[in-house]
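Have a look at the structure below before the remarks.
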Amino acid sequence: MKPRIAYWVSRFPKTSETFIVDEVIALEQAGVDVVLYALAHGRGAVVGEDAARLDARCIRVPVLSPRLLLAQVQWLLRAPIRLLGIWARVIARHAHAPRELARA
């Protein structure tokens, strides 16, 4: 079975995150199935053919979508300690800025 990885990003494509395009391309070349999710479409023009190709298949998921909430519940049931650890790091890192915390 082919390995599968999901990338969740706030916006895609985003010029400041071109490393994601490079990572996804490298993973695909290594035989990994990569699914890209974004909460919003990036601002500005798409830079490069690879970014345009990934943008065309990027799945847009609103922050409070049933799909995103269901995924959180599934991971909570599947790996509660890991997910709660991620939530704790996100909260600790962004607690000083409520807007950033909401976006994170």
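The values are calculated or read from the model by the stated rules, or taken from the named source; none is laboratory data. Predicted model only: the values in this text are computed from it and were never measured. These area figures cover heavy atoms from the full protein model, side chains too; ligands, DNA and RNA do not enter into them. Shrake-Rupley method; radii C 1.70, N 1.55, O 1.52, S 1.80 Å.
Enumerate the calculated ³J(HN,Hα) couplings along region 85-92 in order (Karplus 6.51 cos²θ - 1.76 cosθ + 1.60, θ = phi - 60°), each rounded to whole Hz, writing x wherever the residue is Gly or Pro.
Here the 3J(HN,Hα) series is x, 5, 4, 4, 5, 5, 5, 4 Hz.
Return the label of the correct value of semi-axes √(5λ) of the Cα gyration tensor in Å, as calculated from the structure shown, out of (i) 32, 13, 11; (ii) 25, 19, 13; (iii) 27, 13, 11.
(ii)
To the nearest 500 deg cm²/dmol, what mean residue ellipticity at 222 nm is calculated for the chain from DSSP H runs of n ≥ 4 alone, each contributing -39,500 (n - 2.57), summed and divided by the residues?
It lands at -16000 deg cm²/dmol.
Please compute the per residue accessible area over the chain with all protein chains in place, 1.4 Å probe, rounded to a whole number of Å².
72
So how much slack lies between Gln74 and Arg11, counting 0.36 nm per residue of separation and subtracting their Cα-Cα distance, in nm?
Length gained between Gln74 and Arg11: 20.3 nm.
For the chain, modelled as a Gaussian network with Cα springs under 10 Å, which listed residue fluctuates most, Val24, Val61, Val32?
Among Val24, Val61, Val32, the largest GNM mean-square fluctuation belongs to Val32.
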